[in-house]
């Protein structure tokens, strides 16, 4: 490749697939800016068509076909969207429906050497057949065909009805699989030849007439309307006469196909195409550049006519050679090259999607989904059955996916390559935040190098002649598709990875090289990525903007399940709407109430558990007035669909953590926080009963005497109540107690408790939390008696019963996290024997199936690093909020197998809701820094846990020998943990060239009580030392990860306190600067000003009260040592913060400025303890970044 005149580098991914003999050097013009004619590619440009008779094999009956699902997941990972799936084809017109059939019954003709796996001549399906769509990945778009060929309208309507029933079912709805299109008949233009119709009378006019007649009945049966999907998939002809008087789109339009009410419901026109017969195919003919273009351009007139009618045009069924493909051609390595050029060229003609047809045992399959017992080549019996596997063409699908990428807005143009065998495409996208520009390119050499070739394999020198519309690249990193010969049937590798594995998941590490454009030749199959731009750390362009980070604030806050209807709901935090919290019906994606409502509570200031759903009614605390409201959730409900107040007006009362009585459902038990006397020591917390009947609204205290209450829960018949309580100075993770009592209903509006008893937990010594009823008399909960929160159980039916551990031996994992917020749930009791639970191991969540009878744990797969809000649905399923490392929070539905299952093959995860419109989905994941958990050593040799994120941006790298600046983050709490879940705030910095380390200093949770208690009496010492030690370790020669001269520290709340303390004590200059959000500066005033929940927290953290140890309070209060701060400091504060009032910040600023120190301050009006509004999030991020860039001399400060 020739060297351009410029030495600047451009971030371009160049995918190059070349299998060739020697040719002369070729100059290829490449535009650096997107040409105006470049079409936008659909992420599902390469999609699938599945022969209907074998649908059950692809989907799986008893359980999903995990091999097939893995192949789809590989493709979705590259584009962000699962390929669309059409289910139909020839057997579509041989299908009947019967209520006596559960799934399907098929009759196949005799197999032959030419057709080892023929289509069925008859297939009878039942309701379960269509319901198997629930096995598909979430977000899959489905096209389903109904029978027109046998002219049986009854069968077509029954099929359509069953399709609608399946897609309206809770199983498919929860799976998030979408019915997009209904196809009526397959290749009707061939009916006169295949016996479906009389050839002498079958015309395009007759077709339009019959289709319209069928569509009149199929539309209401399938739910096809002028509103949302599904719509009709029109034509689906086997070819085209390109005439307006015969079978072609033009002919159908001319005969009125689109004129009827039903025709107006056609959104997409489909045609089918194959390159020829399976008896005529050979590799070089299939790979002919001229043939590929001739095969597709013949449809130009059809495509233009379809677009003129405002419809989309797709190849609804296509592949190499019809009749299932040519042996040693369609199934050979050359098919990977063919499918890339064929599909990408199709995109240039206005073809939105190309559905590659698949069956079982077909030679042209990309995927063989089940075990084969007969050879797909010649029908001979196989001595060893052939397990599920991918075929070479699948590698081409992977390459197409990587070329398209995940943005959803990629544009592509064919390159002008003056060679009969070499083709190329350039891809343009807005990655890197610098507008739409050249990102990737694909080159494909279609001249086959065969196993019988005797000439040596050659190379080609390709010169990229870049235009002058942008910065020219210099070098590329390379990823290659390794093919031995074009006629090889296996042994391919894509970037060093093989997908020819038992589960279709890649094996091996990705291999990338580097080539210099000026000198390297290209041979075999390569993917080339232009070498990244060299730029100073901290200056890199990033698509992760402040607005995108603010958008990620729209997130799942909690998940709820109606225990009567099993309907799933979630609470959604929305910074763009002033930070309000909205109750959403998860599967439907519908808000339960309008924009004036905010399901948030001020109990304990941190809130949580602001809503409950029971028997089709939701109750929630409205933050605007603190009162409780109820709203009906089902059409026709006797409860208003608009929120109705059920608690009396009293601005001093706050409610949270509701429990509905199972039989007297108008009675709610709730935490009641009474602020009639607002001083923290005078606020009264109790458990209360709220009568929600119209005209009542009475609130009566049920249980009182402790300082705090949480987690009230009734047993199934409402005769017992369990809850958690604790007293000052404990926090709930230090000395909480689980209590139970019997419940009596006194009249219609009152409950009383009798025979109350403490089950477990002890003041200052043991924390017991999260009570869950196993049955009416058996209670499960967690206790840290062993040093870790482990499951315990008690059977209250026995006289003098006492609690016992569930596990024979405790495990060093926490099954519950600190209760900063109300309503947390880390387990779900599925049956009296089975509990789904989560625990923290090495700082990340694991999922377990807990067998209560055996006292054993079985670990389940868990791709999420943080799992919360685990809620029961039924005996086999639950939901939870899962956080992965590279996606936003998701509501996850888990279905587990029966207790007898010997393995976890039955465990299945789905996302039961439409994706939130969150920023991570819009960003190429190559911009995300992966968390690297570390266990370092403190200065005393104790373990120190941290999570490191390196600078990560595919378009940039730092100068040779340079090390990045590093942000050392101290989490809040201080009893908390920095998880490894995706944080867009972290990625905001790492994608710009900063390193980031989250320090889980001594005192953090998730590593057992002993690790947490390292901070007892040592707050402001241990946490500071650990942050300093982490920074020094990462800067040491042993790690060499960061620039020791450019380390800054930041934190919020308690983490902000750690930052201030560190800067006061930093006599060695470990930190070049610090940034504090709502941080603590004066422990004396905090002890008197903060809210009730934390008002005595410091007595353990510091070692006593201000009166008992005033010297410690003064020594640990940064405000009294602010004159020692020499590093620049940024302070961000909310004006309404009741946890750490603004006075804490303002005191600190006054002292620092009085002593000539440098401090910048920004107060956010209307914000409290943490940022809720999108505009605040944006300004806070931009201010902090600008501060770092300036104090580290990376860039000049913005005005």
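The values are calculated or read from the model by the stated rules, or taken from the named source; none is laboratory data. Treat the numbers as computed from the prediction; the structure is a model and nothing was measured. Please note: Cβ atoms are built from the backbone with ideal geometry, for glycine as well, and neighbour counts cover all protein chains shown.
General remarks:
- Of all residues making up the range 769-787, the number that are under 15 Å from residue 736 (Cβ atoms) and in contact with a helix residue (DSSP H, G or I) (Cβ under 7 Å, 6 or more places away or on another chain): 2
- Just one of the listed residues (931, 899) is within 22 Å of the chain's Cα centre (by Cα) and either more than 19 Å from residue 1007 (Cα to Cα) or at pLDDT 90 or above (or both), and it is 931.
- Candidates 361, 408 - the one that is in a loop (DSSP other than H, G, I, E, B) and either touching a helix residue (DSSP H, G or I) at 6+ places or on another chain (Cβ under 7 Å) or under 26 Å from residue 79 (Cα atoms) (or both): 408
- Restricting 1051, 1074 to residues that are closer than 30 Å to residue 963 by Cβ, free of Cβ contacts under 8 Å to residues at least 60 places away in the same chain and part of a strand (DSSP E or B) narrows the list to 1074.
- Test: residue in the range 84-105 that is farther than 22 Å from residue 221 by Cβ, crowded, with 18+ Cβ neighbours inside 10 Å, touching a residue at least 40 places away in the same chain (Cβ under 8 Å) and in contact with a helix residue (DSSP H, G or I) (Cβ under 7 Å, 6 or more places away or on another chain): no
- Verdict on residue 734 being over 23 Å from residue 801 (Cβ atoms), outside the structural domain of residue 1008 (by TED's automatic domain parsing) and over 40 Å from the mean Cα position of the chain (by Cα): no
- Any hit, the range 285-292, residues being in a strand (DSSP E or B), touching a residue at least 60 places away in the same chain (Cβ under 8 Å) and surrounded by 22 or more Cβ atoms within 10 Å (Cβ to Cβ): no
- Those strands (runs of 3 or more DSSP E) of the range 927-972 in which 2 or more residues are touching a strand residue (DSSP E or B) at 6+ places or on another chain (Cβ under 7 Å) and under 21 Å from residue 1189 (Cα atoms) occupy 943-949, 966-970.
- Any chance residue 36 is within 30 Å of residue 467 (Cβ to Cβ) and either part of a loop (DSSP other than H, G, I, E, B) or at pLDDT below 95 (or both): yes
- All of 247, 232 fail the test of being in a loop (DSSP other than H, G, I, E, B), buried (at least 17 other Cβ atoms within 10 Å of the Cβ), touching a residue at least 24 places away in the same chain (Cβ under 8 Å) and touching a helix residue (DSSP H, G or I) at 6+ places or on another chain (Cβ under 6 Å), apart from 247.
- Residues located in the range 656-676, provided they are surrounded by fewer than 15 Cβ atoms within 10 Å (Cβ to Cβ) and within 16 Å of residue 626 (Cα to Cα): 676
- From 1008, 1020, 1055, 1074, residue being touching a helix residue (DSSP H, G or I) at 6+ places or on another chain (Cβ under 9 Å) and at positive phi: 1020
Matching residues to (1) surrounded by fewer than 22 Cβ atoms within 10 Å (Cβ to Cβ); (2) touching a helix residue (DSSP H, G or I) at 6+ places or on another chain (Cβ under 7 Å); (3) in contact (Cβ under 8 Å) with a residue 12 or more places away in the chain:
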| site | (1), (2), (3) |
| --- | --- |
| 552 | no, yes, yes |
| 555 | yes, no, yes |
| 561 | no, no, yes |
| 569 | no, no, yes |
| 579 | no, no, yes |
| 602 | yes, no, yes |
| 611 | no, no, yes |
| 628 | no, no, yes |
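Residues are listed down the side, and each one gets a yes or a no for (1) assigned to a loop (DSSP other than H, G, I, E, B); (2) under 17 Å from residue 670 (Cβ atoms); (3) at pLDDT below 95:
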site: 597; (1), (2), (3): yes, no, no
site: 603; (1), (2), (3): yes, yes, no
site: 613; (1), (2), (3): no, yes, no
site: 619; (1), (2), (3): no, yes, no
site: 630; (1), (2), (3): no, yes, no
site: 635; (1), (2), (3): yes, no, yes
site: 639; (1), (2), (3): yes, no, yes
site: 642; (1), (2), (3): yes, no, yes
site: 648; (1), (2), (3): yes, yes, yes
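- Boolean, residue 1094 is more than 25 Å from residue 1157 (Cα to Cα) and at pLDDT 95 or above: no
- Criterion violated by residue 1156 - all others in (1) in a loop (DSSP other than H, G, I, E, B); (2) touching a residue at least 40 places away in the same chain (Cβ under 8 Å); (3) more than 33 Å from the chain's Cα centre (by Cα) satisfied: (2)
- Residue in the range 128-147 that is within 39 Å of the chain's Cα centre (by Cα), surrounded by fewer than 19 Cβ atoms within 10 Å (Cβ to Cβ) and assigned to a helix (DSSP H, G or I) present: yes
- Members of the range 482-495 that are at pLDDT below 90 and surrounded by fewer than 21 Cβ atoms within 10 Å (Cβ to Cβ): 482, 484
- Filter result (surrounded by fewer than 21 Cβ atoms within 10 Å (Cβ to Cβ) and part of a loop (DSSP other than H, G, I, E, B)) within the range 831-852: 831, 832, 833, 842, 852
- Number of the condition not met by residue 1039 [criteria: (1) surrounded by fewer than 23 Cβ atoms within 10 Å (Cβ to Cβ); (2) in contact with a helix residue (DSSP H, G or I) (Cβ under 7 Å, 6 or more places away or on another chain); (3) under 24 Å from residue 956 (Cα atoms); (4) touching a residue at least 24 places away in the same chain (Cβ under 8 Å)]: (4)
- Residue in the range 157-173 that is part of a loop (DSSP other than H, G, I, E, B) and more than 38 Å from the chain's Cα centre (by Cα) present: no
- In the range 543-584, the residue that is modelled with the lowest pLDDT out of those that are out of contact with any strand residue (DSSP E or B) (no Cβ under 9 Å at 6 or more places or on another chain) and part of a loop (DSSP other than H, G, I, E, B) is 552.
Yes/no matrix, rows are residues, columns are (1) touching a helix residue (DSSP H, G or I) at 6+ places or on another chain (Cβ under 9 Å); (2) surrounded by fewer than 21 Cβ atoms within 10 Å (Cβ to Cβ); (3) assigned to a helix (DSSP H, G or I):
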| position | (1), (2), (3) |
| --- | --- |
| 294 | no, yes, yes |
| 315 | yes, no, no |
| 324 | no, no, no |
| 329 | yes, no, no |
| 338 | yes, no, yes |
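- Scanning the range 858-894 for residues that are within 17 Å of residue 846 (Cβ to Cβ) and part of a loop (DSSP other than H, G, I, E, B) yields 861, 862, 863, 864, 865, 884, 885.
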